[in-house]
Structures are given as structure tokens and as C-alpha cells.
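See structure below.
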Amino acid sequence: IDLPPSVHVTSKEGVMCKLRKPLYELKHSPKAWFGRFAASMKKFGYVQSNSDYILFLERHRGKLATLIIYVDDMIVTGDDQAKMQNLQKYLTSKFEMKSLGDLKYFLRIEVARSRHGIFLSQRKYVLDLLAETVMLDCKPIDTPSEQNHKLMLYPDQVPTDKERYQRLVGKLIYLAHTCPTITYAVSVMSQFMHFSSEDHMGVVICILRYLKVTLGNRLMFSKYGHTDVEGYTDTDWAGLKPMDLYCNNKAAIAIAHNPMQHDRTKHVEVDRHFIKEKLDAEIIYFPYISSEYQLANVFTKAVFTTIFLNSLDKLGMLDIFAPT
């Protein structure tokens with residue numbers, strides 16, 4: 001490179017430039033930028049999460065302030081307003097940044113609020129995907145996959161456009177974040193990323209036809225009057241009541257309770273002993289539930305249309321355009 005015109009030296013021999021700030025498009029730029037950002041957050045008293053290194057946390061007197069960053073976009077949230085305001089002032093003094101107000105759109109995920117809770121959707125993402133595939137005027141269907149499908153690899157299968165197939169399935173994988181009802185169908189299609197056929201592409205088209213029905217759907221996180229994150233986990237090693245693990249297989253429940261090990265269950269010996277140990281310790285409990293009400297089925301198999309539609313409300317999928 002040539003020295004800047006403002007630099008006056010008697011001889012250019014043996015003179016080099018020292019890079020003070022990394023520039024965009026350089027390979028080491030993201031690492032250098034995030035390293036500086038992380039150091040600044042730690043200096044301000046925030047702790048970097050071990051499970052997700054782009055998440056920073058600060059706890060004080062039972063309250064929490066958090067920041068998550070993707071490239072140079074970030075979300076600041078929590079239940080400590082003072083800490084959040086101080087963090088924004090600190091970041092403004094260290095970096096060129098501005099606040100865009102309440103979160104409405106982040107990484108192609110739309111965020112809306114109501115008195116009932118928070119709604120997440122990717123409606124624009126779906127519309128763009130349907131426009132890209134020229135399917136805005138397609139005939140919609142009620143479910144993303146057919147029952148008893150037998151999709152496999154066959155030696156005489158008709159190949160499809162591999163790059164197009166991979167691109168569409170990749171976009172559907174990201175869409176499953178706010179549309180969990182396509183999880184099973186997309187997981188099946190992702191098994192054929194390198195050996196896709198016209199039959200596999202046909203199922204992808206069916207998923208796109210289903211998405212036209214779900215344009216009004218939002219994934220709802222209900223407001224319960226508190227800011228606790230609740231989930232099915234044992235946080236204090238069996239200090240609570242037993243956790244219900246609903247199962248629609250009576251044989252599996254019997255095997256879990258039965259201390260005798262049978263030959264036909266040798267392949268699950270380790271897992272079975274683990275489950276039996278938790279049952280004896282009263283950490284988990286196995287109530288029976290019929291297949292009709294087994295919510296996990298939506299994620300593991302193609303179910304009847306009535307069962308599929310009845311599970312939407314339990315999954316938190318609400319249609320904002322549905323008549324009330």
C-alpha cells in the first residue's frame with residue numbers, strides 16, 4: 001500500500017503502517033470487533049454466557065438485565081430498567097450506536113405485543129419465500145405432510161435441482177423457529193439434502209402450500225403476570241414435586257416401571273435404567289395419555305388433520321385474522 005499523503009517521511013524504506021482499526025470485509029474484522037465488544041461488556045460488569053457466547057447477563061438484587069448481539073445488531077432486555085438505561089448510555093459512549101426503541105423486527109422475526117403477551121412471526125419472510133417460488137397464488141393445504149409417507153432414496157429416482165432444494169429447505173429450517181408445526185416435515189426433508197429427487201421437492205412444495213394457510217399465525221408467549229421463565233426441568237435436583245412426562249405407549253410405561261430386564265429391550269438398557277432411577281427418586285412421573293392428545297406427535301410424525309389442527313392452540317399458534 002502507499003502511505004497517506006499526510007504522512008511525510010524522508011525515506012519510505014523500512015516504513016510500515018500499523019492498522020489501528022480493522023475494516024469491514026477483512027477476514028479478521030468480526031473477531032476483532034466482537035473481542036472489543038465482549039471486553040467492554042465484561043469491564044462494565046456483565047458476564048458472558050457459557051452456553052451462548054453472544055449473550056451477556058448482569059444480575060443485581062434479584063433483577064436481571066441481558067444483552068444479546070448478532071454482528072452489530074443487539075437486543076437489550078430484562079426487568080431492571082435502570083441497569084438497561086445505564087447499559088445503553090455506556091455503549092453509546094464506547095461505540096457509534098443508537099436506540100431503535102421497542103423491539104419490532106430482528107433477524108427477519110417480527111415481534112408484536114398485546115395485553116395477552118408477546119407474539120412472534122415471520123410473515124414477511126413467508127411472503128418473500130412464496131414470491132420467490134412463484135406460489136403466492138397456490139392452492140393451500142391444511143397440513144405440511146401426508147400420513148404414512150414413504151420417502152426414501154431410490155436408485156431410479158428423478159433428481160431435482162440440488163442447489164434450489166438445499167436453499168428452500170434451509171429457509172424452512174429457519175422458519176421453524178416461529179412455525180413449529182412444520183418441524184417434522186422439514187426434519188424429514190433435511191435428510192435428503194445431498195440426494196434429493198422430484199418426489200422430495202414435491203413435499204417441499206406441499207410445505208410451502210401449507211405456509212399460505214399460516215400467514216396469520218403468530219407464536220404466542222403468554223403473559224402470566226410474572227417475568228419467570230418456566231419449563232419442564234428439575235432445577236434443584238428433585239426438590240420439587242414429580243414432573244409429568246406424558247406417554248401414549250403403555251408398553252414403554254410398563255418397561256420403565258418393571259425392574260426386570262427383557263431380552264427384547266437390551267438395546268435400551270442404559271436409558272431404561274436411567275429412567276427407572278428417576279422414577280424411584282420421584283423426579284418424574286408417567287401418566288398415560290391417548291395418542292389423540294399427545295402433543296409431541298406433531299414433532300415426530302404426520303398425524304390426522306383433526307389432531308394436527310387441535311394441537312395448534314396448545315403449541316401457542318394463534319391466527320390473528322381468525323374471527324372472534
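Quick note: the coordinates plus some simple rules give every number you see, no bench work behind them. Quick caveat: nothing in here was measured; it's all calculated off a predicted structure. FYI the Cβ positions are ideal-geometry reconstructions off the backbone, even for glycines, and counts take in every protein chain you see.
Using 7 Å Cα-to-Cβ label points, what is the THR133/LYS276 separation (nm, one decimal)?
Each label point lies 7 Å from its Cα, and together they span 4.7 nm.
On a full-extension model of 0.36 nm per residue, what is the gain between TYR53 and SER29, subtracting their alpha-carbon distance, rounded to one decimal in nm? Mind showing how you got there, number by number?
Details: separation 24, 0.36 × 24 = 8.64 nm, distance 1.75 nm.
Contour length minus the Cα-Cα distance gives 6.9 nm.
Kindly state, to the nearest 0.05, the FRET efficiency for ASP319 paired with ASP199, given R0 = 41 Å and r defined as their beta-carbon distance.
On the way: r = 31 Å, r/R0 = 0.75.
Computed FRET efficiency for ASP319 and ASP199: 0.85.
Name all residues of region 172-196 having a backbone nitrogen under 16 Å from the label point set 7 Å from the Cα of VAL213 along its Cα→Cβ direction, giving them as ranges.
Only 179-186 fall inside the zone, counting backbone N under 16 Å.
7 Å from Cα along Cα→Cβ at both ARG20 and THR306: what's the point-to-point distance in nm?
7.3 nm
LYS223 versus PHE299, label points 7 Å from Cα toward the beta carbon: distance in nm?
With each label placed 7 Å out from Cα toward Cβ, I get 2.7 nm.
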